[in-house]
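Each reported figure results from applying straightforward, stated rules to the coordinates on display, with no laboratory input. Being a predicted model, the structure only gives us computed values, none of them experimental. Reconstructed Cβ throughout: ideal geometry from the backbone, glycine too, with neighbour counts over all protein chains shown.
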Amino acid sequence: MIDFEKIRAEEVYRAKVRGRLESRTPKQSKILAFLNTNFGLFLLSTVFISSFSWGFNAWLTHERELKEAKKDQQKLGLEIMNRLRYLDELRKPFAYNERHAIETAISGFNARANVNPSWIPHYSSVFPEYQERSLMSLVWQLETLSTGSTREKLKSVHRPIETAGQYLERLEYKKINAPDKNPEGIIETLELSENDSKKFESEVLNPLGFLREPTYFEHH
């Protein structure tokens with residue numbers, strides 16, 4: 001005979017086991033089920049496209065900023081190198097009216113100064129946007145575009161640049177006989193004493209020497 005009680009007991013047992021198994025189904029299955037719906041697929045594609053678009057635009061922006069930074073580094077490097085040529089004038093006697101050009105190479109040209117006669121020479125920048133900038137401000141900007149040891153090396157030139165301006169106050173005025181140069185037969189010059197000239201070389205020009213290397217700004 002068929003034992004109906006036994007069969008019913010087995011069915012009840014199976015139902016309980018099935019219920020327990022279903023209650024243990026991971027929540028991920030519900031999420032996957034949702035994502036398989038039309039709305040879920042639409043939402044997933046929208047998020048993916050938005051994320052990809054944002055990431056791609058962020059990459060393009062980063063690349064553009066790197067190129068701009070590199071361009072600024074090279075421009076600043078050339079500008080600084082040009083200004084150092086004016087500092088080299090202090091190595092030997094130079095024409096009296098050249099002092100203003102050397103001074104503006106260090107401090108920048110002040111277009112708003114009360115007295116700027118056209119006959120007084122002043123520093124002529126390589127790039128017009130740097131005309132009124134001081135040498136120190138150019139180095140500071142270059143620092144912000146550099147990292148690691150390069151930035152630390154640039155910080156080391158702060159003091160030499162500040163010292164350069166002090167030597168302008170130590171220049172000695174002299175008149176040199178030069179009958180072939182002008183009707184007056186005299187040239188007005190400025191120069192550092194022999195001792196100051198040596199100190200200027202060691203305290204200013206030598207520490208700034210690495211800024212004269214064209215390749216320095218191409219690799220940093």
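Its Cα gyration tensor gives the stretch 67-171 an equivalent ellipsoid, and the semi-axes of that ellipsoid, as √(5λ) in whole Å with the largest first, are 25, 17, 11. With semi-axes defined as the square roots of five times the eigenvalues of the C-alpha gyration tensor, the equivalent ellipsoid of the stretch 123-217 measures 34, 17, 11 Å, largest first.
When +1 charges are put on Lys and Arg Cβ atoms and -1 charges on Asp and Glu Cβ atoms, the dipole computed for the stretch 72-218 relative to its Cα centre reaches about 140 debye. Of Trp54, Trp140, the sequence from fewest to most neighbouring Cβ atoms within 10 angstrom is Trp54, Trp140. Relative contact order of the stretch 72-218: 31 percent, from C-alpha pairs under 8 Å at least 6 residues apart in sequence.
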